[in-house]
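Chemist: I am attaching a structure below and will ask some questions about it afterwards.
FYI, it's all coordinate maths here, none of it is from the lab. Bear in mind the structure is a predicted one, so any value in this text is a computation, not a measurement. Positions of Cβ are backbone-derived with ideal geometry, glycine not excepted, and every protein chain shown enters the neighbour counts.
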Amino acid sequence: MSTKKVFAAQDASKPRLTTSAMIASIAGEGQRTKAAPFGHALVALANERPEIVGLTADLGKYTDLHIFGQAHPDRYYQMGMAEQLLMSAAAGMAREGCVPFATTYAVFAARRTYDFICMAIAEEDLPVKIVCALPGLTTGYGPSHQATDDLAIFRAMPNLTIVDPCDALDIEQAVPAIADHPGPVYMRLLRGNVPLVLDEYNYRFQLGKAALLRDGADVLFVSTGFMTMRALEAADALRKDRIEAGVLHVPTIKPLDEEAILKAAAKPGRLVVVMENHSVIGGLGEAVARLLMLSGVHPAFRHVGLPDAFLDAGALPTLHDRYGISTPAVTERVKEWLGK
Amino acid sequence: MTSASLGHNRQLAEKAHDIRKTALQMGKVQGQGYIAQALDVADILAVSYFHAMNHRPEDPEWEGRDRFYLSIGHYAIALYAVLIEAGVIPREELETYGGDDSRLPMSGMATYTPGMEITGGSLGQGLPIAIGACLGLKRKKSSSFVYNLLSDGELGEGSTWEAALSAAHWKLDNLIAIVDVNNQQADGPPANVLSCEPLLDKWKAFGWFSQRVNGNDLDALVKAFDAARAHTGPEPRVIICDTLMGKGVPFLETRDKNHFIRVDADEWDTAIAVLDAEFAS
């Protein structure tokens, strides 16, 4: 039995892009960025709080935890390529009074260590902060590294708070907020040179709170993670077609800020478009749809997310276009949905 | 052996007997249970709680205690028995074992029971959690030990071996793993399920201070626990204990397929009577 893929013919008019490094920056050309916001924020927090420790499974450099390791070598625990151990050991340290930040890739945390997070951490509500790089489609490396399913997997875990930050500002502000939270947290991580966007919106990260970044009469984007950046860009682009779009940023996926979402979605006459860097199964879109159905709020509803498929390997810009999560792809689809 | 240590072990033998009897009484309440494991591990628990460990029954969360991590959650019946004998849990509570709203559920859970340090049941989690606890204790400059009771079947879980590597890497001299080798997992003896021998060589190769003893010989257990605690090297310590399922009740020792043995309603009192008679002889 052959399981080989059948490839589409190349379009000769387009350059063939190459897969970039494992972690391609999602920053657009010329976009403002900040280097390693997670690592620097954790160093600053740890300067104030001696109980903060950092653990990683041979991915310190790839999760920006190495910055913490350099600043606080006595609090940095290299656990080796052993993710089940990583999560359980973080639980053990939390039992003894530490507030551990454990980092790896989102695929490994969600797919490989679920039972360990469930029984060693979440069931007892221990304050372990799981911070994972390569959420959704942020690498062209293929399905082994593309965590298109992490939100679906983790949303079913009781006691677990889930955060999907948009940019460097969100990450910086989320770090002390999740450390203050008494229970376990899963946070999706953007690392390296991370776009800086939200500083222009009079915004502050608050755990469990959504934030209306801009308002508009025709469309409401309800977005999370870096798709909020794409939603803001799409809103700008749509203005050229006299389409006014609002953007409600939902950095905390669980628990959901139901009040803010219902308030924004109930405003009449708007197309509600949920946007997420995740499979259309089990993420923010289904969470919002359920909320709206149960609450009797029934706006026209569309969903931008990744298909229920193992995604291709390749260059990120190609893949974001292919799967409809690039800004031009989103803009075109919204115009289509509005019949413009 | 000195007469003093003989007397000491006589006390431990009584404790082990009491643990077995209390476990059988709980088994009778529920009508079933992992009673063969409770009987095989009773000597290990007696030595742990009444010889080796520092703990305060009146304050099971005392910061200076040695931690006892039961990753094999189905052995809870045995741990409840030792916690009752130690005075952590009131004796009358054994009547609630396995019942609705009991603090003594069938599988051990940290959130339910005083003295139950971790939630077991999903095997292969105890030793990796212990790694973090040992690291955390070292951060606090604590002199407490973490004991982790594992079973031979549990060694099939790969996470245990991640932890075995890690313990030696971090030189966790405050970790004492105890492996109950009763040669009977759910589907049969490990040799027919997933072979784990030679165990002593494996643990030594992983960098542990390793001992193998008869886990139903109190003298041997006391010596092994003393050696594990007194060892001055930086290695984590493991005590591999060969035990006999159903130990102390001959008709249960020989019962086939005794991972989860069937004990008929009228047999519980017989088992307790036989246990008492065997102990007295």
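Chemist: If a/c stays under 1.5 just call it rounded; otherwise compare a/b with b/c (prolate if a/b is bigger, oblate if not). Do that for segment A:205-274, with a ≥ b ≥ c from the square roots of the Cα gyration tensor eigenvalues.
Modeler: oblate
Chemist: For A:GLY246, which sequence-distant residues (separation of 5 or more, or a different chain) have an amide H within less than 5 Å of its own amide H, given hydrogens modelled in the peptide plane?
Modeler: A:GLY216, A:ASP218, A:VAL219, A:LEU220, A:PHE221
Chemist: Based on DSSP, what percent of beta bridges with both residues in segment A:208-337 are antiparallel, to the nearest 5?
Modeler: About 15 percent, rounded to the nearest 5.
Chemist: With θ set to phi - 60°, apply the Karplus curve 6.51 cos²θ - 1.76 cosθ + 1.60 along segment A:125-130 and write out the HN-Hα couplings as whole Hz, x wherever there is a Gly or Pro.
Modeler: These are the phi-based 3J(HN,Hα) values: 6, 6, x, 9, 10, 9 Hz.
Chemist: Moving to a separate point now. Relative contact order for segment A:197-317: what is it in percent, counting Cα pairs under 8 Å that are at least 6 residues apart?
Modeler: Value for segment A:197-317: 26 percent.
Chemist: What's the average, rounded to a whole number, of partner chain beta-carbon atoms within 10 Å of each residue's beta-carbon in A:48-56?
Modeler: Averaged over the peptide's residues, the number is 1.
Chemist: Kindly rank B:122-132, A:77-87 from highest to lowest mean number of other beta carbons found within 10 Å of each residue.
Modeler: Result, highest mean first: B:122-132, A:77-87.
Chemist: Highest mean first, how do B:57-66, B:138-147, A:56-65 rank when packing is the count of other Cβ atoms within 10 Å averaged over residues?
Modeler: A:56-65, B:138-147, B:57-66
Chemist: Further question on the same structure: With N residues in the protein assembly as shown, what two-decimal value do you get for its Cα radius of gyration over 2.2 N^0.38 Å?
Modeler: 1.12
Chemist: Can you give the % of DSSP beta bridges in the protein assembly as shown that are antiparallel, to the nearest 5?
Modeler: 15 percent
Chemist: Which whole number gives the average, over all residues in B:159-165, of C-beta atoms from other chains lying within 10 Å of the residue C-beta?
Modeler: 5
Chemist: Averaged over its residues, how many other protein chain Cβ atoms are within 10 Å of peptide A:115-126's Cβ atoms?
Modeler: The mean count of partner-chain Cβ atoms within 10 Å per residue comes to 4.
Chemist: Here are some pairs, A:LYS5/A:LYS34; A:LYS209/A:LYS335; A:LYS14/A:LYS61; B:LYS28/B:LYS138; B:LYS138/B:LYS223; which of them have Cα atoms lying more than 32 Å apart in this structure?
Modeler: Pairs exceeding the cut-off: A:LYS5/A:LYS34; A:LYS14/A:LYS61; B:LYS28/B:LYS138.
Chemist: How far is helix A:37-48 tilted, in degrees, relative to the longest principal axis of the Cα atoms in chain A, given as a value from 0 to 90 rounded to the nearest 10?
Modeler: Rounded to the nearest ten degrees, it is 40.
Chemist: Quote the relative contact order of chain A in percent (integer), defining contacts as alpha-carbon pairs under 8 Å separated by 6+ residues.
Modeler: Here the relative contact order equals 17 percent.
Chemist: What is the packing order of peptides A:43-53, B:111-121, taking the mean over residues of other C-beta atoms within 10 Å and listing the highest first?
Modeler: Taking the mean over residues of other Cβ atoms within 10 Å, the ranking is B:111-121, A:43-53.
Chemist: Read phi for every residue in segment A:227-232 and hand back ³J(HN,Hα) as whole Hz from Karplus 6.51 cos²θ - 1.76 cosθ + 1.60, θ = phi - 60°, with x for Gly and Pro.
Modeler: 5, 5, 4, 5, 5, 5
Chemist: List the aspartates and glutamates whose alpha-carbon lies under 14 Å from that of B:LYS202, not counting same-chain residues fewer than 8 positions away?
Modeler: Hits, sequence-local ones excluded: B:ASP152, B:GLU162.
Chemist: Given Cα pairs under 8 Å that are at least 6 residues apart, what percent is the relative contact order of segment A:58-186?
Modeler: Relative CO of segment A:58-186 lands at 24 percent.
Chemist: For every other residue with a beta carbon closer than 12 angstrom to the beta carbon of B:LEU70, add +1 if it is Lys or Arg and -1 if Asp or Glu, then tell me the sum.
Modeler: With Lys, Arg at +1 and Asp, Glu at -1, the neighbours total -2.
Chemist: What whole number of Å gives the distance from the Cα centroid of segment A:265-288 to the Cα centroid of segment B:85-128?
Modeler: What the calculation gives is 43 Å, centre to centre.
Chemist: Determine the distance separating the Cα centre of segment B:147-181 from the Cα centre of segment A:109-186; give it in Å without decimals.
Modeler: Using only Cα atoms to place each centre, the spacing works out to 27 Å.
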